[in-house]
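Computed from the coordinates by the stated procedures, all read-outs in this text should not be read as laboratory data. As the structure is a computational prediction, the values presented were derived from the model and not from experiment. Backbone-built Cβ (ideal geometry, glycine too); neighbour counts: all protein chains shown.
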Amino acid sequence: MIKAKKKFGQNFLKDESIKAKIIQAIPHNADNIVEIGAGLGDLTTRLLELNARVKSYEIDDDLVPILRDKFKSQIQSGEFSLVHSDALSAWDDGLSDEPYFLVANLPYYVATKMILNAIKDPLCKGLLVMVQREVAVKFSAKSGSSEYSALAVLADLASKARLLFDVEAVSFDPPPKVTSSVIEIIKHKSLVGDVFSSDKEFVMFCDFLKAAFSAPRKVLVKNLASKFKKDAVLEAFKELKMAENIRPHELNTTLYLEIFKKVNNGK
């Protein structure tokens, strides 16, 4: 019997109804799917039933031979490829050579990093992932909500994020200590190319957002003044007809881009 390993953040999904809901939520045009963490291969089996090519990454040495045996015929036919690797490390060279849709039950300790990687990856056309509910809320929160964060801004820049449904701890073996959620992010632009002119500009915007949300309950002017010239910040607010007492969660993505362009020039 295979036991989940804490060092990999493994919690095997055992609820068949949740597996079905995940499959039903995958876009019909997703014909090239990348799965992170094949685990015992239960969700992988359902993904292959979609008549899509599936490429799965699995880091666990004990699970890889089991998966190779379980999907021997699909590997031979080319329907399925299994990569014995840490997906986070593999991202440096790209998870796929062609456009793909990402599906995963992400380990909590790397979930945020992996979602950001997917959002930035021009070949990733969208993702459907299960994460800790707190993370899902941060990515899918809307402007004006107290949960609105830098992660929500980044997700909204080139895509549409939605929290689809929650998954209780009893749906897993072993059960985690938190509630999970399935989040969908469908991309309609490339961050670098359509929104930003270069990787450097994107990194600069991330630093800008870090400053903007450094103290969520404080006014935005004060947060930004910790990194940019206060005169430039106030001038940007004046040009955009924004109140100086506005707080980080009260803006939207468009305004953050406008402020960034203005204060970055006057830094």
### More than 18 angstrom apart: percent of Cα pairs within region 181-238
53 percent
### Query
Looking at [x] -0.55, -0.65, -1.16, -1.26; [y] -0.42, -0.52, -1.21, -1.40; [z] -0.55, -0.67, -1.34, -1.45, which value of log10 I(q)/I(0) by the Debye sum over Cα atoms at q = 0.10, 0.11, 0.16, 0.17 Å⁻¹ comes from a calculation on the structure shown?
[x]
### Qualifying trypsin sites (Lys or Arg not before Pro) for region 172-212 [loop in DSSP, other Cβ within 10 Å: at most 15]
177, 189
### Query
To the nearest 20 debye, what is the magnitude of the charge dipole of region 8-157 about its Cα centre, counting +1 on the Cβ of each Lys and Arg and -1 on the Cβ of each Asp and Glu?
440 debye
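How large is the charge dipole for the chain, taken about the Cα centre, if only the Cβ atoms of Lys, Arg (+1) and Asp, Glu (-1) carry charge, to the nearest 20 debye?
Magnitude of the dipole: close to 1060 debye.
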### Message
Beyond a 26 Å Cα-Cα separation, which of these cross-linked pairs lie in this structure: 113/210; 120/241; 125/241; 120/210?
### Response
120/241; 125/241
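If you place +1 on the Cβ of every Lys and Arg, -1 on the Cβ of every Asp and Glu, and leave all else neutral, what size is the dipole of region 169-228 about its Cα centre, to the nearest 20 Debye?
420 debye
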### Query
Share of antiparallel DSSP beta bridges in the chain, in percent to the nearest 5?
45 percent
#### Entry: Relative contact order [Cα under 8 Å, 6+ residues apart], region 196-265, whole percent
32 percent
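Relative contact order, percent, of the chain when contacts are C-alpha pairs under 8 Å separated by at least 6 residues? If you can, show how the numbers build up before the last one.
Working: 425 pairs, mean separation 40.6, N = 267.
For the chain, the relative contact order is 15 percent.
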#### Entry: Relative exposure of 109, 148, judged by other C-beta atoms within 10 Å (fewest first)
109, 148
### Query
Between region 33-47 and region 137-198, how many Å separate their Cα centres?
21 Å
### Summary
Placing +1 on each Lys and Arg Cβ and -1 on each Asp and Glu Cβ in the chain, then taking the dipole about the Cα centre, the residue among 248, 36, 50 whose Cα reaches farthest towards the positive end is 248
### Task
Within the set of other residues whose C-beta is less than 12 Å from the C-beta of residue 100, count the net charge using Lys and Arg as +1 and Asp and Glu as -1.
-1
